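Participant: Got a structure for you, questions after.
Derivation of every value follows stated rules applied to the coordinates shown; laboratory data play no part. Worth saying up front: this structure is predicted, and the values here are computed from it rather than measured. Virtual Cβ from ideal backbone geometry, glycine too; neighbours counted across all protein chains shown.
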Amino acid sequence: MAQGARVWPGGARAAVSLTYDDGLNSQLDNAVPDLDRLGLKGTFFLTEENAHWRLGDWQALAQRGHEVANHTMTHPCALNGYTASRFEHAELDRMQGYLDAHFGAIGERTFAYPCGYLGLGHGDRRERFGRYRRLLQRSGVVAARTTAGGPNRPGEALADPLRLHGFEPTYDGDSPAPALRYLNETIAQGGWAILVFHEVLPRWHGDGDASIATHRSILDHLAATGLWCAPMGRVFDYVEDRWA
Ligand SMILES: [Zn+2]
C-alpha cells in the first residue's frame, strides 16, 4: 500500500473510539442518547453479569451500529484463583458464546481487560501476559484494550493489537479538559485515541465515573473537531487494511 494511502477516512486528522465498560444501565440511559443525537458509534464492553438485565436494549443498540464486545462473563479482577483453562472456558469463551448467541456470530471480536490486569497464572510479567494473549487469540479476539498509555500509533497498534492503549479521561476529576488535551496530542501524532468510560451519571462520584455534562461536552467537542469517530473494531480493521 502506498504511503499516501495511510490517512484516516475523509482526511480526518485522527481517529477516536469511544469505549464504555461493564454493560452499565447508566450508559444506556445517559450516554447512548448523546451518542445517537450526534450520530457517533461507540464500543460497549459487556459482561454477561450486567448485560443480561437489559439484553433487549443492548441488542437494539447493536442494531443501530454500535459495537458490543467482550469484557468477560463476571469481570474477575483477581485472576490468582483461575487456572488458564478455567479462565478461558468460564470467562472468555462463554462470553464469546453469549455474544454470538444474542448478537450474531461474527467470529472476530474486540476485548477489554477487566480492571486493566494483563497477567494470568504464574511466572514473570512476560509469561503471564503471553498466556493471556494466547487465550485471547484462541477465543477469536483480534484487538484488546488496556486502561493505560497515550494515543495509539497505527504501526504500534498493528504490531501489538492485544495491548491497545486506553485513556480514562474522568479518572481524576469531572472535567472535559484531560480528554481535550489527550485528543490534541492524538491529532498532533495523527494517531488513534481510545477513550474509556464507566458510569455516566447526573453527578460525578469518583472511580472513573463521568457526569452527563462532562461526557456530553467531550462528545460535542469531538463532533465539532471532525475527527473520525468509529468503534474500536472498525478502526482496527481500517488500520489493518491501510498500515499492514
Ligand atoms: Zn470493567
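Participant: Below 11 angstrom from the Cβ of GLU108, what's the summed charge of the other residues (Lys, Arg +1; Asp, Glu -1)? Don't skip to the answer; put the middle values down first.
Facilitator: Values: positive: ARG109; negative: ASP237, GLU240.
Cβ neighbours under 11 Å give a net charge of -1.
Participant: Can you compute 3J(HN,Hα) from phi for each residue in the range 227-237, using the Karplus curve 6.51 cos²θ - 1.76 cosθ + 1.60 with θ = phi - 60°, rounded to whole Hz and x for Gly and Pro?
Facilitator: 6, 7, 9, 8, x, 4, x, 6, 5, 4, 4
Participant: Got a sec to turn the phi values of the range 209-222 into Karplus ³J(HN,Hα) couplings, 6.51 cos²θ - 1.76 cosθ + 1.60 with θ = phi - 60°, whole Hz, x for Gly and Pro?
Facilitator: 5, 10, 6, 4, 5, 5, 4, 5, 6, 5, 5, 4, 4, 4
Participant: Right, here's the next one. I need the calculated FRET efficiency for the pair ARG242 and TRP53, taking r as the beta carbon distance and R₀ as 41 Å, to the nearest 0.05.
Facilitator: The formula returns an efficiency of 0.60 here.
Participant: Taking only Cα atoms and a 10 Å spring cutoff, compute GNM fluctuations for the chain and point out the largest among TRP204, TRP53, TRP228.
Facilitator: So, out of TRP204, TRP53, TRP228, the one fluctuating most is TRP53.
Participant: Report ³J(HN,Hα) in whole Hz for each residue of the range 13-29, in order, from the Karplus equation J = 6.51 cos²θ - 1.76 cosθ + 1.60 where θ = phi - 60°; Gly and Pro get x.
Facilitator: 3J(HN,Hα) across the range 13-29, in whole Hz: 7, 7, 10, 9, 10, 9, 10, 10, 9, 5, x, 8, 4, 5, 5, 4, 7.
Participant: Let me ask something else. Which of HIS89, HIS198 has the fewest other C-beta atoms within 10 Å, and how do the rest follow up to the most? Don't skip to the answer; put the middle values down first.
Facilitator: Details: HIS89 12, HIS198 18.
Result, fewest neighbours first: HIS89, HIS198.
Participant: Follow-up question, since we're still on this one. If each DSSP helix of 4+ residues adds -39,500 (n - 2.57) and the sum is divided by the residues in the chain, what number results at 222 nm, nearest 500 deg cm²/dmol? Please report the intermediate quantities before stating the final value.
Facilitator: On the way: 9 runs with 89 residues, N = 244.
Estimated from H runs of four or more residues: -10500 deg cm²/dmol.
Participant: Still on this structure: Please list 150-161, 10-21 highest first by mean number of surrounding beta-carbon atoms within 10 Å per residue.
Facilitator: Working: 150-161: 18.1, 10-21: 21.5.
Packing order, densest peptide first, comes out as 10-21, 150-161.
Participant: Once you put a point 7 Å from the Cα of ALA84 and another 7 Å from the Cα of ARG134, both along the Cβ direction, what distance in nm separates them?
Facilitator: Modelled inter-label distance: 0.3 nm.
Participant: Between ARG203 and ARG64, what is 0.36 nm times their sequence separation minus the Cα-Cα distance? Round to one decimal in nm. Display every interim value, and only then the final one.
Facilitator: Numbers: separation 139, 0.36 × 139 = 50.04 nm, distance 2.76 nm.
Fully extending the segment from ARG203 to ARG64 adds 47.3 nm.
Participant: Continuing with this model, one more query. Any cysteines in the chain with zero other Cys Cβ atoms under 4.7 Å from their Cβ? List them, or say none.
Facilitator: Taking the Cβ cut-off of 4.7 Å, the unpaired cysteines of the chain are CYS229.
Participant: For the range 19-243, what value does the Rg/Rh ratio take when both radii are computed over Cα atoms and Rh is the Kirkwood radius, given to two decimals? Kindly include the intermediate steps, with their values, before the conclusion.
Facilitator: On the way: Rg = 16.7 Å, Rh = 17.7 Å.
My calculation of the ratio gives 0.94.
Participant: Considering the zone a paramagnetic label at ARG125 would reach in this model (a point 7 Å from Cα along the Cα-to-Cβ line), which residues of the range 137-172 have amide N under 14 Å from it?
Facilitator: In the range 137-172, the label zone of ARG125 (backbone N under 14 Å from the point 7 Å along Cα→Cβ) covers 147-149.
Participant: Could you work out the relative contact order of the chain? I mean the mean sequence separation of Cα pairs under 8 Å and 6+ apart, divided by the number of residues, in percent.
Facilitator: Numbers: 448 pairs, mean separation 68.0, N = 244.
Dividing the mean separation by the residue count of the chain yields 28 percent.
Participant: Another question, then. Give, as ranges by residue number, the residues of the range 136-179 whose backbone N falls under 13 Å from the point 7 Å along Cα→Cβ of THR225.
Facilitator: Under 13 Å, as judged by backbone N against the label point of THR225, lie 151-152, 167, 169, 176-179 of the range 136-179.
Participant: So, one more: Counting other C-beta atoms within 10 Å, which of LEU195, LEU118 has the fewest, and how do the rest follow?
Facilitator: Values: LEU195 26, LEU118 17.
Lowest count first: LEU118, LEU195.
Participant: Still on this structure, please answer the following. Quick one: which residues, 5+ away or cross-chain, put their amide H under 5 Å from the amide H of PHE197? H built at 1.01 Å from N.
Facilitator: For PHE197, whose amide H was placed from the backbone, the distant partners under 5 Å are THR19, TYR20, ASP21.
Participant: With an 8 Å cut-off on Cα pairs and a minimum separation of 6 or more residues, tell me the relative contact order of the range 127-198 in percent. Don't skip to the answer; put the middle values down first.
Facilitator: On the way: 90 pairs, mean separation 23.4, N = 72.
RCO, the range 127-198: 32 percent.
Participant: Moving on to the next point. Using the number of other C-beta atoms within 10 angstrom as an exposure proxy, rank LEU183, LEU38, LEU46 with the fewest first. Before the final figure, lay out each step's value.
Facilitator: Values: LEU183 23, LEU38 15, LEU46 29.
So the residues, fewest neighbours to most, are LEU38, LEU183, LEU46.
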